Amino acid sequence: MSSKRLIVALDFRNFDEMSKFVVRLDPNTCIVKVGLQLFIAEGAKVLEFLSSQGFEIFLDLKLHDIPNTVHKAVQEIAKYNVSMTTIHLQGGTEMIAAANEAKLKTKILGVSLLTSLDESDTQMLYSNAFDKQFNNLIAVANNTEVDGIVCSSKELVMLSDSPLLKVIPGIRNQNLLDDQKRVMTSKEAYENGANYIVVGRPITQSENIEQAIIEYS
Ligand code: C5P
C-alpha cells in the first residue's frame, strides 16, 4: 500500500456524476471510496473505470452475512483492483476468517460500531455500555487477521496501542452544519494515529477541490 492517507468518498448517484468529479482528482494524492449507493446504481464498471484511471480503491459495502456468503462476496471483490474493503466485526470470528481466506491482495477493514449508534442503542441491543461493546469488537479484531478497523474519531483515542490500520470518517476542518456529529479535524485525526481519513462532502462540495485535497492530505 502507498503513502497516501486521504480517502475521498465518491458519494455520487451515478457514473456520470462520479466521472465528472474524478477528473479533478490525482490518483497520486488520494485513494477513492465507493459506497453502497454508487455500487448498487452502477456496479463493477465503477471499479473498472477507477482502476483504469490509476486510482487505489476502497470498496465500502460493510458485508455482514454467514461466513460462506461473505467468503464468496470477498472472492468477487478481490477479482477487481480493490485495495481495501469493509466487513462488520459483529459478523464474528468465523465470518472474519472467511473474508480473510478470500481476500488475496485486498485489505479487510472491520467496521466496529456504526457512528449512528449511541449508548442507548448498545444498551438495548447488547445490554452493554458503548465503550465496553466497542472494546469487545476490538478484541475480536485483534484476535483475527483483519487488517484494520473503521471507527469514529472519538474511538480513535481508545486505540493508541492497537497495531491495526485505523480508517477514520467524520472529519471536518470547518463546521459544515451537516449530519456528522462526532467530528475531528484532519490534523487532529492524523496526530491521534489515523492511518487514513475518509472525507466526502468537504471535498466533493468544495468550491476549490484542489485546495481542499491539499488541506485534508
Ligand atoms: O461527506 P462525509 O465526509 O460525511 O462522508 C463520510 C463518508 O464516510 C461517507 O461515505 C460515509 O458513508 C462514510 N462513513 C461515515 N461514518 C461511518 C462509516 C462510514 O461517515 N461510521
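General remarks:
- For the residue pairs LYS72/LYS107; LYS20/LYS79; LYS105/LYS154; LYS20/LYS45, the C-alpha atoms sit more than 20 angstrom apart in LYS20/LYS79; LYS105/LYS154.
- When the helices of the chain are scored as -39500 (n - 2.57) per DSSP H run of n ≥ 4 and the total is divided over every residue, the value at 222 nm lands at -10500 deg cm²/dmol.
- Per-pair calculated FRET efficiency, R0 = 45 Å: ASN68 and ASP16 via Cβ, rounded to 0.05: 0.80
- Applying the criteria of a DSSP loop state and at most 15 other Cβ atoms within 10 Å to the trypsin sites (Lys or Arg not before Pro) of the stretch 112-217 yields LYS181, ARG182.
- Amide H to amide H, with H built 1.01 Å from N, THR185 comes under 5 Å of ARG172, counting only residues 5 or more places away or on other chains.
- Dipole size of the chain about its Cα centre, with +1 on Lys/Arg Cβ and -1 on Asp/Glu Cβ: approximately 260 debye, rounded to the nearest 20.
- Note that the chain presents 49 Å² accessible area per residue, ligands and nucleic acids not counted, probe 1.4 Å.
- Computed from the C-beta positions of GLU101 and LEU36 and an R0 of 25 Å, the FRET efficiency is 0.55 to the nearest 0.05.
- Relative contact order of the chain, pairs being alpha-carbon contacts under 8 Å that are 6 or more residues apart, as %: 18 percent
- Cut-off under 5 Å, modelled amide H: who pairs with ASP11 long-range: none
- For the chain, the fraction of 1.4 Å probe accessible surface lying on carbon and sulfur atoms is 49 percent.
- ³J(HN,Hα), Karplus 6.51/-1.76/1.60, whole Hz, each residue of the stretch 52-66, x for Gly, Pro: 5, 8, x, 7, 7, 10, 10, 9, 9, 10, 6, 5, 7, 7, 5
- Amide H contacts under 5 Å for ASN128, placed H, 5+ residues apart: GLN123
- Whole-number percent relative contact order across the stretch 1-49, with pairs defined as alpha carbons under 8 Å at least 6 apart: 48 percent
- Its residues counted as N, the stretch 6-216 yields a C-alpha radius of gyration over 2.2 N^0.38 Å of 1.00.
- Accessible surface of PHE39 - all protein chains present, 1.4 Å probe, nearest 10 Å²: 50 Å²
- Vicinal HN-Hα couplings computed from phi for the stretch 209-217 (Karplus, 6.51 cos²θ - 1.76 cosθ + 1.60; Hz; Gly/Pro x): 4, 4, 5, 4, 4, 4, 4, 8, 6
The values are calculated or read from the model by the stated rules, or taken from the named source; none is laboratory data. This one's a predicted model, so the numbers in the text were calculated from it and none came from an experiment. In this analysis, Cβ positions are derived from the backbone assuming ideal geometry, glycine residues included, and neighbour counts consider all displayed protein chains. To get the accessible areas, we keep the full protein, side chains included, count just its heavy atoms, and leave off ligands, DNA and RNA. Shrake-Rupley method; radii C 1.70, N 1.55, O 1.52, S 1.80 Å.
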